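To start, the structure itself, in structure tokens.
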Amino acid sequence: MSLDKNQVQHIATLARLRLAEGESAETVEKLSRIVDFVDQLSQAATDDVVPMAHPFNETQRLRADEVTETDDRDHFQENAPAVSDGLYLVPKVIE
Amino acid sequence: MSQDLHLQTLTQLAVGLGNGTFSSVDITEALLDRIESHNGALNAFITVTAEQALADAQRADAARASGNAGPLNGLPIVHKDIFCTRDVLTTCASRMLENFVSPYDATVVRRMAEAGAVMLGKSNMDEFAMGSSNETSYFGPVMNPWNLECSPGGSSGGSAAAVAARLTPAATGTDTGGSIRQPAALTGTVGLKPTYGRVSRYGMIAFASSLDQAGVITRSTTDAAMLLGVMAGFDERDSTSINQPVPDYVAGLDKSLKGLRVGIVRQHFDAGLDENCGVAVKEALALLEAQGAILTEVDLPNLELSVPTYYVVAPAECSSNLSRFDGVRFGHRAKDAEDLFDLYCRSRGEGFGAEVKRRIMTGTYVLSAGYYDAYYLKAQQVRQLIADDFRKAFADVDVIAGSTAPTPAFKLGAKTDDPITMYLSDIYTIGANLAGLPGISVPCGLVDGLPVGLHLVGAHFGEETLLNCAHQYEQATDWNDACPEGYQ
């Protein structure tokens, strides 16, 4: 296996994912297979090839930094799990 | 008359609406009845918007009576549940968004609604469009109407199954690696993925932003052309939207294929392709030749690396896009988190399914310190090589043709144990996404009672050529009319 349990746990932490006890072994096995599979890219000769980030190699269009949206906070917050007085609530972060 | 409304294409329904043979309410009622009777067996819908559909149909009929009919006035549409629909549940087939009611409409949804289309509901799909069989949906798999033990393909499997089962003449889909074309092939429908940037991605829940493109699944190329005309065009709200005029795609469908240069990729007919699918596709190519097309072999030397390239680029972009699901502003939130870090990890761990988590982790890995150059940068370079192969090929040909999928529909559960086997379902379609090219799948035969799709890929913004070629082929066959048993 190209990845071990500790590596997978580290990746999960970086990705902010909590893996349940039963999920871990399967994840190690399947992620290893995926990594082995994509490893074949190393055979390709890519010296001096410009990496492609956009299908037309285009740059991002810019616009003037102006307010274009109206305030729709209450509507948006209807989907929030916990709000109070227009604020999003999270567990305590500062002691 | 009303009994066979479900068998009519959008184009036929538009004629009937125009001359007053039936109303939009008639169509809507007939299709809602069909959905009611068949969705239990197919699981093609996550949400059916019956009440809203009937109200919209009444409004469309009134608009027509007062002379204000838009180009899609009163015509039914189903939206893949990846498109945000204002005040309607938008789940992306994930537990993460199980209760998400979108506060706004995707541009595709808005443009269709403004043209007068009537939304019947939201279709089932692979979770966050990550899958090729519709089995990763939190709401359960979709069954293929051609054989209920088989997958309809994915990720737009609900859209494809609904169109194939005559529950709607048309549905939207999205295609990141083949998610419109592969399910279209596996269900005997037409699936169009336009050029990257042709259709706005605004309000389409992002999976891999440099690959995602919205399109349609229909029963005829003419219908796909009609819908593309409404969906396509520049959108200020999508930073990668391309500002190019939108031609009249339907008007461009009557050209002869005489002299059309059709490229054939030799590697696409090797051992990976099911023998019977190969026979059906070769017959289709012979028919194109008989219609005047010139078949030539083209070489895409780096294409064999397209699947591994995709499975670095797409997960990398997915890991970034899906970081927005944090359990704070919207989406699933875990109970009893100890602190903010624990809240993130638990909410995401509970809210995402196994395949989505694997892709996020693959993406996190290939972008992480020490691995970025070896995987992500390398994949972007190979992507450039693949795109170059296509650029060179399109100097000599107008379209590239082959099989959409390596096999007909496979049994549910057949590929769920090994992610790589599933990933290879998209081996013929992924190249077009990496290069940003338009592609279409049209029905070209049946193998053991299951449909096969002919895949055509065009040059950038070559939709007119692509649609015309598909349409001319369609005119010479009757595969589009093949209907799964029990859904006539």
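Given the criteria in contact with a Pro (Cβ under 7 Å, 6 or more places away or on another chain), farther than 20 Å from B:Ser102 by Cβ and open to solvent by 10 Å² or more (accessible area, probe 1.4 Å), does B:Glu135 qualify? Yes; evaluated as a whole, the condition is true for this residue. Scanning the range A:62-77 for residues that are facing chain B (nearest Cβ under 7 Å) and either within 28 Å of B:Asp336 (Cβ to Cβ) or open to solvent by 90 Å² or more (accessible area, probe 1.4 Å) (or both) gives a single hit, A:Phe76.
Of the helices (runs of 4 or more DSSP H) contained entirely in the range B:401-477, those carrying at least 3 residues that are more than 14 Å from chain A (Cβ to nearest Cβ), touching a helix residue (DSSP H, G or I) at 6+ places or on another chain (Cβ under 7 Å) and on the phi < 0 side of the Ramachandran plot fall at B:463-475. Of the residues making up the range B:342-387, those that are touching a Pro at 6+ places or on another chain (Cβ under 6 Å) and open to solvent by 20 Å² or more (accessible area, probe 1.4 Å) are B:Leu377, B:Gln381.
Is it the case that B:Met231 is of a type in the set (A, V, I, L, M) and within 14 Å of the chain's Cα centre (by Cα)? Criteria met by B:Met231. The C-beta contact set for the range A:2-28 (first residue facing chain B (nearest Cβ under 7 Å), second residue outside any loop (DSSP other than H, G, I, E, B) and among the basic types (Lys, Arg), distance under 6 angstrom, 6+ apart or interchain) comprises A:Arg16/B:Arg348; A:Leu17/B:Arg348; A:Leu17/B:Lys357; A:Arg18/B:Arg346. Contact annotation: residue pairs with Cβ atoms under 8 Å, 6 or more positions apart or on different chains, pairing a residue in the range B:245-268 that is farther than 14 Å from B:Gly462 by Cα with a partner that is assigned to a loop (DSSP other than H, G, I, E, B) and open to solvent by 40 Å² or more (accessible area, probe 1.4 Å), are B:Ser256/B:Gln291; B:Leu257/B:Gln291; B:Lys258/B:Gln291; B:Val265/B:Asp299; B:Arg266/B:Asp299.
Yes or no, residue by residue, for (1) in contact with a strand residue (DSSP E or B) (Cβ under 7 Å, 6 or more places away or on another chain); (2) of a type in the set (Ser, Thr, Tyr); (3) farther than 21 Å from B:Phe410 by Cα; (4) at pLDDT 95 or above:
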| position | (1), (2), (3), (4) |
| --- | --- |
| B:Val142 | no, no, no, yes |
| B:Glu149 | yes, no, no, yes |
| B:Gly158 | yes, no, no, yes |
| B:Val190 | yes, no, no, yes |
| B:Ala208 | no, no, yes, yes |
| B:Ala214 | yes, no, yes, yes |
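The values are calculated or read from the model by the stated rules, or taken from the named source; none is laboratory data. Please read all numbers here as calculations on a predicted model, not as lab measurements. Virtual Cβ from ideal backbone geometry, glycine too; neighbours counted across all protein chains shown. To get the accessible areas, we keep the full protein, side chains included, count just its heavy atoms, and leave off ligands, DNA and RNA. Shrake-Rupley method; radii C 1.70, N 1.55, O 1.52, S 1.80 Å.
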